[in-house]
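Participant: This is the structure, below, for whatever I ask next.
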């Protein structure tokens, strides 16, 4: 969650206007600043599935299913109404964007059905969806009728769902497939958390290292798992960048293997570190953000956007840019003329935003702890 803010800060503050994952043109530091944030979305959805499993141990299935459906619907509505407005500061009934919050909500609704299945069936569903979906990469919505094409865009092809000519612009950055599969695998992973700590860490490490090994072998072969093959570049560094540049929208099999592989290895490391006294302060700080993820998500977007607007105004630049919709302005139209900062400044702003979020998140975590009203579980 802390790393996630780095990518959003880069989008609002970086002077680099090109594709940060362009292995031929982007610098190594720009590339890896963007790549490291790839860990966030799949890990977030995976652990949401893990949380559902842990809830299933103490809640009757009908009660949990009702919660998942209502929470999922709320997340989908919040994505359309709240997140789009925070990104643009331009409340609109004509611009809607489907991102990670929407796909998390949709996956939760599907999990409301899957929790009634045996654990092996949930695991199989997740594995098939993640492993097999790249076999359908060659299917284009352009070859379908209007309704079928729109449905396929919703499921597997990112881009414009409803064209601007209709008076409404619907952008789908997170097609549904294979995200429910990632959540289902996270649900299955939750069963390992009941194991003793030593065995639990070993499972995390083996799963993580195994995922990275399969990623490396499949990526090297260029046979399957990602629509864009890697290519030798002018230098070893750029070749390595090309090797790591796998598709996020929608997440390819190789993207899932690489990101969850790294995350599982990090989880194993954190499981070890959290028992050591010299790391307790860090765990105490990070847990504040983790207790209120929904609140933190909306707060950090608001602060970043507001900081960008105030910075442009302080520099005498076109601060109203941040209040417009593309193509005349806003984050999806790039930066205002003359605006943008080097990567060290972007990192400083990132740390400042995370720090500014700390006390509001700590306050709201306290509110949730003191007040057990059911509606607070949705925030």
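Participant: From the list 228, 188, exactly one residue is out of contact with any strand residue (DSSP E or B) (no Cβ under 7 Å at 6 or more places or on another chain), at pLDDT 95 or above and in a loop (DSSP other than H, G, I, E, B). Which is it?
Facilitator: 228
Participant: Report whether or not residue 244 is within 27 Å of residue 130 (Cα to Cα), within 17 Å of the chain's Cα centre (by Cα), in contact (Cβ under 8 Å) with a residue 24 or more places away in the chain and surrounded by 15 or more Cβ atoms within 10 Å (Cβ to Cβ).
Facilitator: no
Participant: Among the residues of the stretch 235-248, is any part of a loop (DSSP other than H, G, I, E, B), more than 24 Å from residue 103 (Cα to Cα) and modelled with pLDDT of 95 or more? It would help to see each step written out before you state the result.
Facilitator: Step one: list which residues in the stretch 235-248 are part of a loop (DSSP other than H, G, I, E, B), which gives 235, 245-248.
Filter once more, keeping what is more than 24 Å from residue 103 (Cα to Cα): 235.
Among the residues that remain, those that are also modelled with pLDDT of 95 or more are: 235.
Within the stretch 235-248, one or more residues are part of a loop (DSSP other than H, G, I, E, B), more than 24 Å from residue 103 (Cα to Cα) and modelled with pLDDT of 95 or more.
Participant: Taking only the stretch 23-46 into account, find how many residues are part of a loop (DSSP other than H, G, I, E, B), touching a residue at least 12 places away in the same chain (Cβ under 8 Å) and surrounded by fewer than 18 Cβ atoms within 10 Å (Cβ to Cβ).
Facilitator: 1
Participant: Sticking with this structure for a sec: Looking at 290, 208 in this structure, which one is surrounded by 14 or more Cβ atoms within 10 Å (Cβ to Cβ), modelled with pLDDT under 95, on the phi < 0 side of the Ramachandran plot and part of a helix (DSSP H, G or I)? It would help to see each step written out before you state the result.
Facilitator: Numbers: 208 fails: modelled with pLDDT under 95.
The unique qualifying residue is 290.
Participant: Out of curiosity, is residue 366 free of Cβ contacts under 8 Å to residues at least 12 places away in the same chain, surrounded by fewer than 14 Cβ atoms within 10 Å (Cβ to Cβ), out of contact with any helix residue (DSSP H, G or I) (no Cβ under 9 Å at 6 or more places or on another chain) and under 30 Å from residue 283 (Cβ atoms)?
Facilitator: Values: free of Cβ contacts under 8 Å to residues at least 12 places away in the same chain: yes; surrounded by fewer than 14 Cβ atoms within 10 Å (Cβ to Cβ): yes; out of contact with any helix residue (DSSP H, G or I) (no Cβ under 9 Å at 6 or more places or on another chain): yes; under 30 Å from residue 283 (Cβ atoms): yes.
Yes: the conditions hold for residue 366.
Participant: For the stretch 309-317, state whether one or more residues are part of a helix (DSSP H, G or I), within 23 Å of the chain's Cα centre (by Cα) and crowded, with 16+ Cβ neighbours inside 10 Å.
Facilitator: For the stretch 309-317, residues part of a helix (DSSP H, G or I), within 23 Å of the chain's Cα centre (by Cα) and crowded, with 16+ Cβ neighbours inside 10 Å: absent.
Participant: Which of (1) part of a loop (DSSP other than H, G, I, E, B); (2) farther than 13 Å from residue 130 by Cβ does residue 198 not meet, given it meets every other one?
Facilitator: Residue 198 satisfies all of (1) part of a loop (DSSP other than H, G, I, E, B); (2) farther than 13 Å from residue 130 by Cβ except (1).
The values are calculated or read from the model by the stated rules, or taken from the named source; none is laboratory data. Given the structure is predicted, the values throughout are model-derived calculations rather than measurements. All Cβ positions, glycine included, derive from the backbone under ideal geometry; neighbour counts span all protein chains shown.
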